[in-house]
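The values are calculated or read from the model by the stated rules, or taken from the named source; none is laboratory data. These numbers come from a predicted model, not from an experiment. Ideal geometry is used to build each Cβ from the backbone, glycine not excepted, and the neighbour counts take in all protein chains shown.
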Amino acid sequence: MLSPTVVTDVGIDDSLLSEELFGPICPVIKATYKDAVHQTNSGPHPLAIYIFSSDRSEIGYVLQNTISGGVTINDVLMHYGVPGAPFGGVGDSGQGYYHGKYGFMAFTHQRTILEMPTWMDRLMAFRYPPFDMKNMSNFVVKNNLGFRRGEAMEDQVVGGSRSWVWAGFGVLVASAIGVAVKNPQSVRGLFLQI
């Protein structure tokens, strides 16, 4: 049994800093907070960072310049005990999170399922052979789409929003025609109610 031990004057190359500690041992290194951030970033991402400071600028600097599984400020381990908050590592310190919904999502596979209505196949018939020049024009993509470098696609508007309104209207009309062809009574009943 090892009693709780604080080890001072620890060097950067000491084995206490190169291996994960699962015992009541606390190695202490004298460093500025910027040196501590540099040292933290020179190795694998830690499971947790514990910041002891009342200086908001120091705390902000450490938070903005490090990556870790979690952070507790002015205490240790407390972030682990917050019910419903995600707990887990980054990179070598772990993958994913557990606790509450985060654990459920980490071990759950979400699957996209899309069912196309059969009538849509007639509208998309151009994609099937035999191909002719008229059908091939549906596959042509402009070489210059107009996207600007350094911006996400979401930040750029190409073609304006009206084209999407017309496309949506076209899908709505095609859907209504498909329903009318499949079940004319339902459409007739709809117009009688109006």
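Restricting attention to region 1-47, the residues that are touching a Leu at 6+ places or on another chain (Cβ under 8 Å), in a loop (DSSP other than H, G, I, E, B) and surrounded by 12 or more Cβ atoms within 10 Å (Cβ to Cβ) total 2. Does at least one position in region 92-101 carry a residue that is under 27 Å from H38 (Cβ atoms), at pLDDT below 80, of a type outside the set (A, V, I, L, M, F, W, C) and outside any loop (DSSP other than H, G, I, E, B)? Scanning region 92-101 turns up at least one residue that is under 27 Å from H38 (Cβ atoms), at pLDDT below 80, of a type outside the set (A, V, I, L, M, F, W, C) and outside any loop (DSSP other than H, G, I, E, B). Scanning region 51-89 for residues that are out of contact with any helix residue (DSSP H, G or I) (no Cβ under 9 Å at 6 or more places or on another chain), outside any helix (DSSP H, G or I) and not polar (S, T, N, Q) returns F52, D75, V76, L77, V82, G89. Among the criteria (1) surrounded by 12 or more Cβ atoms within 10 Å (Cβ to Cβ); (2) over 30 Å from L2 (Cα atoms); (3) within 18 Å of the chain's Cα centre (by Cα); (4) among the aromatic types (F, W, Y), the one F104 does not fulfil is (1).
From the list T108, T66, pick out the single residue that is farther than 19 Å from A36 by Cβ and among the hydroxyl-bearing types (S, T, Y). Walk me through it before giving the result.
Details: T66 fails: farther than 19 Å from A36 by Cβ.
Step by step, each of T108, T66 is checked, and only T108 is farther than 19 Å from A36 by Cβ and among the hydroxyl-bearing types (S, T, Y).
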